[in-house]
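Q: Structure incoming, see below.
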């Protein structure tokens, strides 16, 4: 990279490329996408979006292609695409994270279906600020940005990712994705961990499973139709596509499960299991268990110590199912949601007092 002068110098960042086939297993079990639109990530500004809108970058769904579809500006693309012949060093887009702040473990840039008009290279910069206006005022200048990922080459129609090596994690509220000098990118993912702002009141009850509060869905038995990560998103979603849904089972004793690491150890008070939009494919029953895990890695579904923390819930279609905790005087770190025998759940809420 050193032999190319991109017209904008960045301090080198130690990062390891991740093969396309390994991106999900590298990041999805331990991180969340901090800039996902589903989480609340928002585009604050951009240098240009003539051919395709910058907002597409944050769409949690995989990019799609519609060959032959034409719009006013030319061929339709599911991504962000700028004009040709940019005279500045790079085109840019400023994103406010969907969490109060976060630490970054990895970056993904997907150029799916951009071939001949793809981004030749990218970089990512970050800052910590409570002033959106000030951040946006820096536009394509140096401002208060610092490198998250230095300049890295991209190519046509492929997922590219880099795992950061830094052990000293910095907190960011905003990032700027730079594209050298112009072109198209389908999706932008910023994998990391939410750094929530917890209530000062130690007795406050709030959702410790929420992704915005640091909750992470770390494993599941199956996610054929909808990813486990959707369980922890804000709101009740817009359709079945943004929930957790497993394949149909055929065995009599079958169950599916998902394990959530709470944003902090807590004393569980009550739960909500939401089957919004699941009307013919909701589970017959759900069960909730919890464990305080002190070992390495994380607990598997059969790990010792899982404790029932709610009465089994008979499910209804498109319904919020509340349940009180059976154990509110012990702290737990993980919650397991078991669905009988299979089906779809939109959201899981775990309301708790943080164990300070």
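The values are calculated or read from the model by the stated rules, or taken from the named source; none is laboratory data. What you see is a predicted model; the values in this text were computed from it and never measured. With ideal geometry, Cβ positions are generated from the backbone for all residues, glycine too; neighbour counts draw on all protein chains shown.
Q: Determine the pairs where a residue that is modelled with pLDDT of 95 or more, located within segment 112-139, has a partner that is part of a helix (DSSP H, G or I) with Cβ atoms under 7 Å apart, the partner being 6 or more residues away or on another chain.
A: Qualifying pairs under 7 Å: 127/135; 129/135.
Q: Residue under question is residue 350, and the condition is that it be within 28 Å of residue 204 (Cβ to Cβ), in contact (Cβ under 8 Å) with a residue 12 or more places away in the chain, buried (at least 17 other Cβ atoms within 10 Å of the Cβ) and in contact with a helix residue (DSSP H, G or I) (Cβ under 8 Å, 6 or more places away or on another chain); does it hold?
A: Answer is no for this residue.
Q: Check segment 41-56 and report whether any residue there is assigned to a loop (DSSP other than H, G, I, E, B), in contact with a helix residue (DSSP H, G or I) (Cβ under 6 Å, 6 or more places away or on another chain) and modelled with pLDDT of 95 or more. Quick ask: steps written out before the conclusion?
A: Step one: of segment 41-56, the residues assigned to a loop (DSSP other than H, G, I, E, B) are 41, 47-51, 53.
Right, trim to in contact with a helix residue (DSSP H, G or I) (Cβ under 6 Å, 6 or more places away or on another chain) and you get 41.
Next, from what is left, pick out any that are modelled with pLDDT of 95 or more: 41.
Within segment 41-56 (the criterion being assigned to a loop (DSSP other than H, G, I, E, B), in contact with a helix residue (DSSP H, G or I) (Cβ under 6 Å, 6 or more places away or on another chain) and modelled with pLDDT of 95 or more), the answer is yes, since at least one residue qualifies.
Q: Which numbered condition trips up residue 269, out of (1) closer than 24 Å to residue 306 by Cα; (2) surrounded by 23 or more Cβ atoms within 10 Å (Cβ to Cβ)?
A: Just one mismatch for residue 269, condition (2).
Q: Across segment 93-123, what is the number of residues that are closer than 13 Å to residue 189 by Cβ and not in a loop (DSSP other than H, G, I, E, B)?
A: Number of matching residues: 10.
Q: Conditions: (1) closer than 12 Å to residue 107 by Cβ; (2) buried (at least 23 other Cβ atoms within 10 Å of the Cβ). Residue 164 meets all but one. Number of the miss?
A: Condition (2) is where residue 164 drops out.
Q: So which residues in segment 338-356 are within 16 Å of residue 281 (Cβ to Cβ) and touching a strand residue (DSSP E or B) at 6+ places or on another chain (Cβ under 6 Å)?
A: Listed by number, the residues that qualify are 339, 340, 342, 344, 345, 346, 347.
Q: Among the residues of segment 250-269, which ones are over 13 Å from residue 354 (Cα atoms) and either assigned to a strand (DSSP E or B) or under 16 Å from the mean Cα position of the chain (by Cα) (or both)?
A: Once the filter is applied, which keeps residues that are over 13 Å from residue 354 (Cα atoms) and either assigned to a strand (DSSP E or B) or under 16 Å from the mean Cα position of the chain (by Cα) (or both), segment 250-269 yields 256, 257, 258, 259, 260, 261.
Q: If you scan segment 313-327, which residues turn out to be closer than 14 Å to residue 236 by Cα and either at pLDDT below 95 or not in a loop (DSSP other than H, G, I, E, B) (or both)?
A: Those that are closer than 14 Å to residue 236 by Cα and either at pLDDT below 95 or not in a loop (DSSP other than H, G, I, E, B) (or both): 320, 321.
Q: May I ask you to say which residue of 303, 310, 247 is without any contact (Cβ under 8 Å) to a residue 24 or more places away in the chain and part of a loop (DSSP other than H, G, I, E, B)?
A: Just one listed residue meets the conditions, 303.
Q: Looking at (1) assigned by TED's automatic domain parsing to the domain that holds residue 121; (2) under 14 Å from the mean Cα position of the chain (by Cα), can you tell me which one residue 186 breaks?
A: Among (1) assigned by TED's automatic domain parsing to the domain that holds residue 121; (2) under 14 Å from the mean Cα position of the chain (by Cα), residue 186 violates only (2).
Q: Just checking, does segment 129-145 include any residue being part of a strand (DSSP E or B) and either buried (at least 19 other Cβ atoms within 10 Å of the Cβ) or touching a helix residue (DSSP H, G or I) at 6+ places or on another chain (Cβ under 7 Å) (or both)?
A: No.
Q: Here's something else I'd like to know. Mind counting the residues in segment 23-35 that are touching a residue at least 12 places away in the same chain (Cβ under 8 Å) and either surrounded by fewer than 21 Cβ atoms within 10 Å (Cβ to Cβ) or on the phi > 0 side of the Ramachandran plot (or both)?
A: 5
Q: Has segment 301-313 got any residue that is out of contact with any strand residue (DSSP E or B) (no Cβ under 7 Å at 6 or more places or on another chain) and either over 17 Å from residue 266 (Cβ atoms) or not assigned by TED's automatic domain parsing to the domain that holds residue 232 (or both)? Outline the logic, then answer.
A: At the first step, the residues of segment 301-313 found to be out of contact with any strand residue (DSSP E or B) (no Cβ under 7 Å at 6 or more places or on another chain) are 302, 304.
Next, from what is left, pick out any that are either over 17 Å from residue 266 (Cβ atoms) or not assigned by TED's automatic domain parsing to the domain that holds residue 232 (or both): 302, 304.
Yes: segment 301-313 contains one or more residues that are out of contact with any strand residue (DSSP E or B) (no Cβ under 7 Å at 6 or more places or on another chain) and either over 17 Å from residue 266 (Cβ atoms) or not assigned by TED's automatic domain parsing to the domain that holds residue 232 (or both).
Q: Same structure again: Restrict the check to segment 255-265 and report whether at least one residue is at pLDDT 95 or above and more than 22 Å from residue 293 (Cα to Cα).
A: Taking every residue of segment 255-265 in turn, at least one turns out to be at pLDDT 95 or above and more than 22 Å from residue 293 (Cα to Cα).
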